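Data block below; observations after.
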Amino acid sequence: MLDAAAKLLTDRGYANITIEGVAFEAGVGKSTIYRWWSTKVAIYIDLYHELALRNVPPPDTGNLDRDLNTLIGGAFRIYRETAAGLALAGIVAEAQSNAEVAKLVRTEFVPARRGLIQTALELAAARGELLPKTDVQMVAEILTGAVWYNLLLGDKPLSATRARQIIKAVLEGCRRRGEPTDHAHGVRVRARKPVRLE
């Protein structure tokens, strides 16, 4: 049934799909669809999760850059190669005009997707890769927002290079560097040149 939903998404576009159409494409009765999903958006949220999990399993490589490149680069890849990007665009569009869908997206869909990035950041913080007191939830929100902006509104290719650029730009302010760190305030401190006394 999810394969049928994906095919219709590619062929017709989200706005032109009905549950009856998914049932017909899958060769099942409408009641079978309703047994699993109460709405069209529920079908496509499950499709998105299935494609993401199948193609980009949650990483834990022991390195934040590798983990985020797997997640964000992987997201861009499935947007290019599968119906996941079309599903996400349709879900977001429907949420703008349907209060129930908006609530579902806000309380379930978004936290589940953001949570993968947040988990990677929390593991990195525990390893000491991030500055003390880094707000990992905020960083996860910014990264997730950047990914979805690039899919929905951006004009850059959804490439591995673009994924690395986003990661570098967002993490610049919260990653540990070689410079001394003011641990009390969670900020980097530039070492000053010694002053020579004459």
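The values are calculated or read from the model by the stated rules, or taken from the named source; none is laboratory data. Fair warning: this is a prediction, and the values are worked out from it, not measured in the lab. All Cβ positions, glycine included, derive from the backbone under ideal geometry; neighbour counts span all protein chains shown.
In this structure, does residue 120 turn out to be more than 21 Å from residue 73 (Cβ to Cβ) and of a type outside the set (Lys, Arg)? No; evaluated as a whole, the condition is false for this residue.
Among the numbered conditions (1) among the β-branched types (Val, Ile, Thr); (2) closer than 24 Å to residue 10 by Cβ; (3) touching a Ser or Thr at 6+ places or on another chain (Cβ under 7 Å), the only one that residue 91 does not meet is (3). Residues that are within 16 Å of the chain's Cα centre (by Cα) and either at positive phi or surrounded by fewer than 17 Cβ atoms within 10 Å (Cβ to Cβ) (or both) within the range 82-109 comprise 106, 107, 108, listed in sequence order.
Highlighted here are the helices (runs of 4 or more DSSP H) found entirely within the range 1-80 that include at least 1 residues which are under 23 Å from residue 147 (Cα atoms) and of a type in the set (D, E, K, R): 40-55, 64-68. For the range 120-156, residues that are touching a residue at least 24 places away in the same chain (Cβ under 8 Å), more than 12 Å from residue 166 (Cβ to Cβ) and of a type in the set (Gly, Ala, Ser) total 4. Among residues of the range 32-62 being free of Cβ contacts under 8 Å to residues at least 24 places away in the same chain and surrounded by fewer than 18 Cβ atoms within 10 Å (Cβ to Cβ), the one that is farthest from residue 17 (Cα to Cα) is 61.
Scanning the range 101-119 for residues that are free of Cβ contacts under 8 Å to residues at least 12 places away in the same chain and aliphatic (A, V, I, L, M) gives a single hit, 102.
If I filter the range 159-180 for residues that are modelled with pLDDT of 95 or more and outside any helix (DSSP H, G or I), do I get at least one hit? Checked the range 159-180: at least one residue is modelled with pLDDT of 95 or more and outside any helix (DSSP H, G or I).
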